[in-house]
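Asks: I'd like to ask you about the structure that follows.
Where a number appears in this text, it was derived from the coordinates with a stated rule and is not lab data. Predicted model only: the values in this text are computed from it and were never measured. Here the Cβ is made from the backbone with ideal geometry for all residues, glycine too, and neighbour counts use every protein chain on show.
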Ligand code: HEM
Ligand code: HEM
């Protein structure tokens with residue numbers, strides 16, 4: 001079994017959880033059945049949790065990027081290893097860029113982050129709607145590219161684990177698999 005350091009595994013699963021939760025939340029909030037008062041209020045309250053979870057995802061991605069050199073060696077053919085390296089690099093870049101651009105877009109709209117019971121985080125820049133609109137577009141496009149790559153990443157991991165009997169997922173979970181590695 002390949003041993004992933006515990007902090008790397010924790011950062012990976014925290015990142016995965018936050019990204020899936022925050023993206024689901026945003027899509028539910030941004031596309032209500034109708035823009036009536038209750039849904040507007042739900043958006044206003046909920047989007048703050050989307051932003052906060054997005055920032056936690058950013059911190060987890062930063063930890064993973066900074067500690068990446070401690071990961072165990074890749075497995076599979078030379079081609080698979082190369083593909084995994086490129087895909088992981090793209091995942092890390094998007095995991096950092098999506099929340100960073102979301103934060104910047106929000107800041108240029110003059111917004112901060114306000115969660116009940118916590119001191120508000122105010123926008124560090126003055127409002128500029130043109131920059132805000134461009135960055136919002138970049139945030140949304142980046143987020144959907146990120147989600148598409150995550151879907152491929154999960155399919156590739158499942159293929160390795162279930163069809164190739166290469167226990168990459170159980171290694172990342174830190175549990176022993178029945179499949180011995182050759
Ligand atoms: C949902 C958001 C997710 C993101 C952003 C993400 C991102 C990443 C990144 C950046 C790495 C490379 C880490 C490194 O080399 O230091 C990685 C590795 C890995 N991920 Fe994910 N991941 C996600 C979800 C998942 C899920 C749901 C699974 C399980 C089905 C999974 C399984 C794996 C495995 C097995 C590896 C190690 C692959 C190897 O040994 O090379 N990931 N992930
Ligand atoms: C991993 C982190 C993040 C992901 C995956 C993500 C994903 C998304 C998605 C899928 C949407 C819906 C886009 C649409 O169809 O209109 C969205 C909207 C939004 N996000 Fe994020 N987001 C992240 C982080 C952040 C952060 C850190 C902030 C701000 C601090 C933020 C602010 C917003 C705002 C204000 C909206 C609603 C306006 C819009 O459509 O862009 N996001 N996000």
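Asks: Any chance you could give the angle, 0 to 90 degrees and rounded to 10, that helix 129-158 forms with the longest Cα principal axis of the chain?
Replies: 20
Asks: Follow-up question, since we're still on this one. Treating the angle as unsigned and between 0 and 90°, give the value, to the nearest 10°, between the Cα long axis of helix 37-66 and the longest Cα principal axis of the chain.
Replies: Orientation of helix 37-66: about 40 degrees from the principal axis.
Asks: Rounded, prolate or oblate: which fits region 77-182, taking a ≥ b ≥ c as square roots of the Cα gyration tensor eigenvalues, rounded meaning a/c under 1.5, else prolate when a/b beats b/c?
Replies: Cα axes put region 77-182 in the prolate bin.
Asks: Need one number: nm distance between label points at residue 169 and residue 145, each 7 Å from Cα along Cα→Cβ, rounded to one decimal.
Replies: That separation, rounded to one decimal, is 2.8 nm.
Asks: Measure out, as a whole number of angstrom, how far apart the alpha-carbon centroids of region 21-51 and region 125-182 sit.
Replies: Spelled out, the Cα-based centre of one part sits 23 Å from the other.
Asks: Which shape class, rounded, prolate or oblate, goes with region 6-173 when its Cα gyration tensor gives a ≥ b ≥ c as root eigenvalues, a/c under 1.5 marks rounded, and past that a/b bigger than b/c marks prolate?
Replies: Taking the square roots of the gyration eigenvalues as a ≥ b ≥ c, region 6-173 is prolate.
Asks: Something else about it: Once every DSSP H run of n ≥ 4 in the chain is given -39500 (n - 2.57) and the sum is divided by its residues, what mean residue ellipticity at 222 nm do you get, rounded to the nearest 500 deg cm²/dmol?
Replies: -23500 deg cm²/dmol
Asks: Quick one: if you stick a label point 7 Å off each Cα along the C-beta vector at residue 66 and residue 43, how many nm between them?
Replies: For residue 66 paired with residue 43, the spin-label model returns 3.7 nm.
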